[in-house]
Amino acid sequence: MVGPRKPTRPTGPKPPRKPSRGPAKGPPKPENSQAVTPASQRPPRPRSGSGPRTADGPRPSIVKGQRPTDGARPRPVPRPVPRTGARPSRPLILPRVERPARQAPILPGDLPDLGQLPSLLAQHVAAHYTPHRFEKATLPLERIHRDALLQLSGLFTSERPDLPAGYLTQPKYRGAYLLYFVPTGVATMMTVLRDSLAWPPSPDRKPLRVLDIASGPLTASLAVALLLPPDVPLEVTAIDASGPILDDGRTLMRQIRPDAVVHTLSGNLREGRLLRDLKGRFDLILMANFLNEWSVGGRKKQEPGEFVEKVMVDHLAEGGAAVLVEPATRTASHHLIAVREHIVENTGIALLGPCLGTMPCPLGAASMRDWCHAERPWERPPMVVALDEAIGHRRSTLKYSWLALGDRGQPVPAPNKYRAVGGPMRAAGAFRRYLCGPEGRVVALFEDDRVPATLRDAWRGQSVVVTGDLSIARRGPYEETVLRPQTPQRR
Ligand SMILES: C[S@@+](CC[C@H](N)C(=O)[O-])C[C@H]1O[C@@H](n2cnc3c(N)ncnc32)[C@H](O)[C@@H]1O
């Protein structure tokens, strides 16, 4: 990102409008405080038994639980309530998509379609992640999970050493993660996969073998499941430190793609044994929101680039691709840039995106001030809207950094193709926009109003075709490469 806006972060909770039943003090009693345990050694969780509902259907609330007959701990079951929970009369439907002014119109099919996933997540959380103290209450899920979400968001946006190891083994964090970060993460990965040359995988890949590293609840694999044509079989191997979150992912995958074959492995990826013992090669290796956790802690330091290289060399199938996604923060983006530079310098692995060339990243180490991120539209599921309201945040667009690497040979960049890495600017009456392309970073400069709409309105991170002449110009103490349109401009 150039001339960055501060990435959005939660600004703190709004006071509940009707604080008749505010959040209880102290942490909820863990439903399951077990440490990492292989999925195969844990008893299955009771399921709610209710079938999936559509995204437009009612959101479950919590009522006193039905007693399971198998002697397991009682669980609450979801009960339909109006989607607005405590305020049933209030219209829930926001404008279909919010987009910043001056950004490209959203065309049908542009938006990631989460299908039934948001309502499946709500049902799953209602059935499995209701702290005891809420079991008798009829509270909307966003009220129950608001505090944990706030804590988790705070941990994610703070310096990572604050993040407790194995945080997703804590039920309160799992519940909040599933409700909020999973829909966001799935929509983000769907967007990246559609944008990157790593997708679609070639049709002869049957089944499509996916390795999901630090998968959490299989977020990235769920994105694949939603995009993959139904006639292409899917086989997922998911690895994570938290066994219970892997179980959640397995349950969700079963509901989204009942035919998918899922293998889960729980353990610490820092112990090389886990990956050494992993057999086989994969067509798609996914790593989402992990490297920023990898980069802190751990006694045996391995640079993210070395880790990614090892995973790819040992486990990528011929012609396969790896897709890495991280938050849109400066630090996380620079982890990806470090991986990019390591891969370009040390391996023959191809750079599929977002870069349109392999020269050292112009937003990399030489320019720690800048970073590279993308922004895209999405339609917030009702639960994300409700949780945003509950925590005083608005995740109206998807923001992320990404990197796609492949075993398919370095793609030849299309002529005059650039990626918008900055927002549109006006300086001394001229239009300026930073782009990144085969020549590195350039600034497109239009001194009259004939700025092509595709360039003016492109979403950050979108690719655009701009034809022009390149020259070096001074701007204050700096030199910059300027791209001026070829056609003579009116004066
Ligand atoms: C922010 S979550 C991302 C989960 C998922 N990929 C997503 O995008 O939703 C980070 C995940 O990395 C896992 N993780 C962190 N360090 C790990 C390690 N050393 N070994 C295995 N998993 C780890 C955590 O358990 C957590 O599930």
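Quick grid of which residues meet (1) more than 20 Å from residue 195 (Cβ to Cβ); (2) under 18 Å from the mean Cα position of the chain (by Cα):
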site	(1), (2)
331	yes, yes
347	yes, no
351	no, no
355	no, no
360	yes, no
375	no, yes
386	yes, no
395	no, yes
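Residue 433 fulfils the conditions (1) part of a loop (DSSP other than H, G, I, E, B); (2) among the charged types (D, E, K, R); (3) buried (at least 24 other Cβ atoms within 10 Å of the Cβ) except for a single criterion, (1).
Quick check: anything in segment 269-281 in contact with a Ser or Thr (Cβ under 8 Å, 6 or more places away or on another chain), of a type in the set (Gly, Ala, Ser) and within 13 Å of the ligand (Cβ to nearest atom)? Looking for residues that are in contact with a Ser or Thr (Cβ under 8 Å, 6 or more places away or on another chain), of a type in the set (Gly, Ala, Ser) and within 13 Å of the ligand (Cβ to nearest atom), one finds none in segment 269-281, hence no. Inspection of segment 286-302 identifies no residue that is away from the ligand (no atom under 12 Å from the Cβ) and buried (at least 24 other Cβ atoms within 10 Å of the Cβ). Taking the listed residues 245, 213, the one that is more than 27 Å from residue 141 (Cβ to Cβ) and within 10 Å of the ligand (Cβ to nearest atom) is 213, with no other qualifying. Exactly one residue out of 267, 305 is in contact with a strand residue (DSSP E or B) (Cβ under 9 Å, 6 or more places away or on another chain) and in contact (Cβ under 8 Å) with a residue 12 or more places away in the chain: that is 267. Among the residues of segment 307-329, those that are over 16 Å from the mean Cα position of the chain (by Cα), charged (D, E, K, R) and either assigned to a strand (DSSP E or B) or within 16 Å of the ligand (Cβ to nearest atom) (or both) comprise 310, 318.
Summed over segment 192-219, the residues that are farther than 16 Å from residue 405 by Cα and buried (at least 24 other Cβ atoms within 10 Å of the Cβ) give a count of 5. The single condition among (1) within 21 Å of residue 115 (Cα to Cα); (2) modelled with pLDDT of 95 or more that residue 232 does not meet is (2). Taken over segment 162-203, the residue count meeting the criterion of being more than 9 Å from the ligand (Cβ to nearest atom), over 18 Å from residue 322 (Cα atoms) and out of contact with any Phe, Trp or Tyr (no Cβ under 8 Å at 6 or more places or on another chain) is 7.
Residues in segment 382-400 that are in contact (Cβ under 8 Å) with a residue 40 or more places away in the chain, in a helix (DSSP H, G or I) and surrounded by fewer than 21 Cβ atoms within 10 Å (Cβ to Cβ): 385, 389.
From the list 157, 184, the one residue that fits, being polar (S, T, N, Q) and either at pLDDT 95 or above or not assigned by TED's automatic domain parsing to the domain that holds residue 239 (or both), is 184.
The values are calculated or read from the model by the stated rules, or taken from the named source; none is laboratory data. Just so you know, these numbers come straight off a predicted model, no measurement behind them. Please note: Cβ atoms are built from the backbone with ideal geometry, for glycine as well, and neighbour counts cover all protein chains shown.
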